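The structure appears right after this line, and notes come after that.
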């Protein structure tokens, strides 16, 4: 969809949603999309109300794919509750599940002026990354200290880690039976076999995709964490080992271990059973990308164009597959074949 068209549609939306506003304008529409799942558009909103002129720099987050109305509402609610709990997130303003307005459900939030922490990670020699690592892992550990009842008050609590993992595996198996791919079954079986040995943990708010690209840095050095569409209640070891997996796959095992160590220092506690939770993360990464390659991005709840973006980073998926062999002894020849078929020519 053309950004100019979106600007006109946004203008119509605001005029209908806020009839008391006068002189409403939507300008400077800018495509900011960079990730796999949603589309982002920055814009400037201006209006007057009660003789007061308001100008705001905002972001519209659009949710293509399947079952996205609930995802939009969930992210809006989670971000609002996190803000109320004092965790640094952009302020959210609107959520709309009616796909007729912009073609898909959407949410509108403050635009964070500044840069992504990923720029700091990529632009700094590894031996000088200490301050950035400290800031990143402190934000991560602080998230896991937020009272989950403030963010997910309606989510049932589990008695212990064992019953939680049992429910997670049951839910994963149901999803697996619907979407597959069937050759991933040995990894699910491994997780089911080993979950009984996992030590007791605790429950926290999980981001489920916490990486430097989802941390914004303002000019004054303060931060805001974005992209909460996958957030949930769960064991914080799931969260940190997903991040460690991504860091290891993209930048090498030693860097993943560095992030794990920095997180443990920030959290003031160790991360037990890291191997189990990394295998769970590996399963999730392989399943999501395989479904996208085999059936299209929409089937996996991602935006159009995400598959082509994935094809540009197949190396990290091969690393993820190597880590699976290291942790479990399992090799998935079908996944190797799939990556070979989608290799860009």
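Taken together, the values in this text are just the output of simple stated rules run on the coordinates, not laboratory data. Just so we're clear, the structure is a prediction, and the values are computed from it rather than from any experiment. When we count neighbours, we look across all protein chains shown, and the Cβ atoms used for this are built from the backbone with ideal geometry, even at glycine.
Quick notes on this structure:
- Per-pair calculated FRET efficiency, R0 = 41 Å: residue 52 and residue 157 via Cβ, rounded to 0.05: 0.40
- Sites residue 264 and residue 44, calculated FRET efficiency, Cβ-Cβ separation with R0 51 Å, nearest 0.05: 0.75
- With respect to the chain, whose longest principal axis is taken over its alpha-carbon atoms, helix 236-251 is tilted by about 90°.
- Residues 144, 196, 211, 18 arranged by fewest to most Cβ contacts within 10 Å: 196, 18, 211, 144
- Ordering of 280-290, 313-323 by packing [mean C-beta count within 10 Å, highest first]: 280-290, 313-323
- Note on the range 306-341 and the range 154-189: Cα centroid distance 22 Å, given to the nearest whole angstrom.
- Each of 232, 20, 204 has some number of other Cβ atoms within 10 Å of its Cβ, and from fewest to most they run 20, 232, 204.
- Gaussian network model of the chain, springs between alpha carbon atoms under 10 Å - residue of 127, 257, 308 with greatest fluctuation: 127
- Listed values (1) 128; (2) 150; (3) 300 include one computed from this model; for volume of the Cα convex hull per residue in Å³ that value carries the label (2).
- Angle of helix 3-17 to the longest C-alpha principal axis of the chain, folded into 0 to 90 degrees and rounded to 10: 70°.
- Rounded to 10°, Cα long-axis angle of helix 161-179 versus longest principal axis of the chain: 80 degrees
- If R0 equals 30 Å, the separation of the Cβ atoms of residue 222 and residue 146 corresponds to a calculated FRET efficiency of about 0.95.
- A full extension of the chain between residue 17 and residue 118 corresponds to an added length of 32.8 nm, given 0.36 nm per residue minus the alpha carbon distance.
- Extension gain, residue 134 back to residue 202 (0.36 nm per residue minus Cα-Cα distance, nm): 22.2 nm
- For the range 125-139 and the range 33-79, distance of Cα centres in Å: 30 Å
- Extension reserve of the residue 94-residue 253 stretch, reckoned as 0.36 nm per residue once the Cα distance is removed: 53.2 nm
- For the chain, the mean residue ellipticity at 222 nm estimated from helices alone is -16000 deg cm²/dmol, where every DSSP H run of n ≥ 4 contributes -39500 (n - 2.57) and the total is divided by all residues, rounded to the nearest 500.
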